[in-house]
Amino acid sequence: MRKKVSRVAISMCAAASMVLSVVAPAMTVAAETTDEPVELTVWSWDKTMNGTTFEVADSLDDDVTVNFVEMSKADCLQKIHTVLASGVTDDLPDIVSISDLNAQGYLMSYPDAFLPMDDYINYDDFASYKKDMVSYDGVGYGVPYDTGVAALFYRTDYMEEIGVTDEDMQDLTWDEYLALGEKLKEKGHMLQTYNPNDIAEFQIMLQSTGKWFTDNDGNADFVNNDALKECYDVFKKLNESDFCQVVSDWTGFAGAINNGDVACVMRGSWITSTIMAGEDQSGKWKMAPIPKMSTEGATHYSNQGGSSWFVLKNSKNAEAAAKFLGKTFGGSVEMYDSLMKSNNIIGTYLPASDCEAVEAASDFFSGQQINKTLVEWEAQIPSVNTGAFSAEAQSALLAVTPNILNGSDLDTELAAAEEQFNQTIQDRKSTRLNS
């Protein structure tokens, strides 16, 4: 076996760089090899999770070394779209990260841009819902990655200050959860972060009731969606409160967690890597089910986020990238076991469901069996059809959200959002038919 001493390289890409320029090569750690490994360039976000994952994957394959180019999620998705829409094939990355809710839109819009992966991985080895999200017209294009089982992560020391026990956190309603905010504020702590331009929590709240932004036919489900209206009720309460840490981007969001500003974080399980970046907080966090909504059919279980890996068919190392993903993300229980042990990263690779790390207790999360609990919750998440236009639906809602927060009639604004969404989808379908 050849010897390779390497480490995933991290390079930063500012928001202003969303142009068709060549991405500057990241500074890499020299690799000591008998034969020169192939360098694969990956575009993605969140180095604490995705960067760490590729470090582990890279260590398992002597034939490649990974150049991990980090940018924000929004920048990454926009940059992929911009490059693919232009038809430019020079200087493409080999592998890109696409969030599950965006994947169908990219596959529909750019069906020839991604390398089919059916010959490189066995899709039966992955959770069926992930296979559906990364397939189009019966062909698998993406390599499924993480699950986004949602949870309420909380600081045990802050809760103790206000007399709240771990048992109290297990069956919260949203009203009960929000009521913790004023008590925490009195002790100098914020309940959670709040970004008026980010409705990520709507994904969690809606799916917990078995509802979504769109119906089974892909049409907007805004005006008659009681669960969505309850989401806005909660969002307005957060907006009007004095117990939330207001943030405007990922840096502020992650900083509020790691700096100890907030008592709670409600996100998909992928957020554990970010929480654990605050090493001085080890043993001060625990995990509970998400608050339950009052809408009919509501549960404590949901999903938020999750992404998969796609190989750009016209990249210079497409074949090597496909083999690498097949060997690691599509074939290594060892990799998933390592990721669960180190960062509680839960994949959707079924052969890894019985690995040792599933039963492991987390020192960071106060001895809880985080991985085992998340796997158990995943089976109880209400199923929803997210369709191909979730991103467009959320964009339409975000456009009217400032009006709603300022007191405009909710039904009127939701109707306007539906009209905008329908026009966007009509234009999108028309463009594809004429292309």
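For this structure, a couple of remarks:
- Some residue of the range 393-414 being over 27 Å from Tyr120 (Cα atoms), touching a strand residue (DSSP E or B) at 6+ places or on another chain (Cβ under 7 Å) and not hydrophobic (A, V, I, L, M, F, W, C): no
- Checked against (1) of a type in the set (Asp, Glu); (2) loosely packed, with under 15 Cβ neighbours inside 10 Å; (3) more than 24 Å from Ile199 (Cα to Cα); (4) out of contact with any Lys or Arg (no Cβ under 7 Å at 6 or more places or on another chain), Glu359 passes all but condition (4).
- Flag if Ala391 is part of a helix (DSSP H, G or I), within 22 Å of the chain's Cα centre (by Cα) and under 27 Å from Leu77 (Cβ atoms): yes
- Sole exception among (1) in contact (Cβ under 8 Å) with a residue 40 or more places away in the chain; (2) in a helix (DSSP H, G or I); (3) open to solvent by 50 Å² or more (accessible area, probe 1.4 Å); (4) not basic (Lys, Arg) for Asp91, by number: (2)
- Screening Glu70 against (1) open to solvent by less than 40 Å² (accessible area, probe 1.4 Å); (2) out of contact with any Gly (no Cβ under 7 Å at 6 or more places or on another chain); (3) farther than 18 Å from Leu339 by Cα; (4) of a type outside the set (Gly, Ala, Ser) leaves a single unmet condition, (2).
- Within the range 406-422, residues that are in contact (Cβ under 8 Å) with a residue 12 or more places away in the chain and among the small types (Gly, Ala, Ser) reach partners that are open to solvent by less than 40 Å² (accessible area, probe 1.4 Å) and in a helix (DSSP H, G or I) with beta carbons closer than 8 Å, at six or more positions or on different chains, in the pairs Ala416/Val400; Ala417/Ala396; Ala417/Leu397; Ala417/Val400.
Condition check ((1) out of contact with any helix residue (DSSP H, G or I) (no Cβ under 6 Å at 6 or more places or on another chain); (2) of a type in the set (A, V, I, L, M)) across all residues:
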| residue | (1), (2) |
| --- | --- |
| Asp157 | yes, no |
| Asp166 | yes, no |
| Met169 | yes, yes |
| Trp174 | no, no |
| Glu182 | yes, no |
| Thr193 | no, no |
| Gln203 | yes, no |
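- Leading residue by the ranking (modelled with the highest pLDDT) among those in the range 399-435 that are open to solvent by 60 Å² or more (accessible area, probe 1.4 Å) and among the β-branched types (Val, Ile, Thr): Thr412
- Of the criteria (1) modelled with pLDDT under 95; (2) in a helix (DSSP H, G or I); (3) not aromatic (Phe, Trp, Tyr), which one Asp198 fails: (2)
Here's the yes/no breakdown for (1) over 19 Å from the mean Cα position of the chain (by Cα); (2) surrounded by fewer than 22 Cβ atoms within 10 Å (Cβ to Cβ); (3) modelled with pLDDT of 95 or more:
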residue	(1), (2), (3)
Leu206	no, no, yes
Thr209	yes, no, yes
Asn216	yes, yes, no
Val223	yes, yes, yes
Lys229	yes, yes, yes
Asp233	yes, yes, yes
Ser241	yes, yes, yes
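- Residue in the range 151-171 that is surrounded by 23 or more Cβ atoms within 10 Å (Cβ to Cβ) and part of a loop (DSSP other than H, G, I, E, B) present: no
- Test: residue in the range 309-326 that is hydrophobic (A, V, I, L, M, F, W, C) and surrounded by fewer than 16 Cβ atoms within 10 Å (Cβ to Cβ): no
- Residue in the range 100-117 that is modelled with pLDDT of 90 or more, surrounded by 22 or more Cβ atoms within 10 Å (Cβ to Cβ), charged (D, E, K, R) and assigned to a loop (DSSP other than H, G, I, E, B) present: no
The values are calculated or read from the model by the stated rules, or taken from the named source; none is laboratory data. Source: prediction; values computed, not measured. Here the Cβ is made from the backbone with ideal geometry for all residues, glycine too, and neighbour counts use every protein chain on show. Side chains are part of the model used for accessible areas, which takes the heavy atoms of the whole protein and leaves out ligands, DNA and RNA. Shrake-Rupley method; radii C 1.70, N 1.55, O 1.52, S 1.80 Å.
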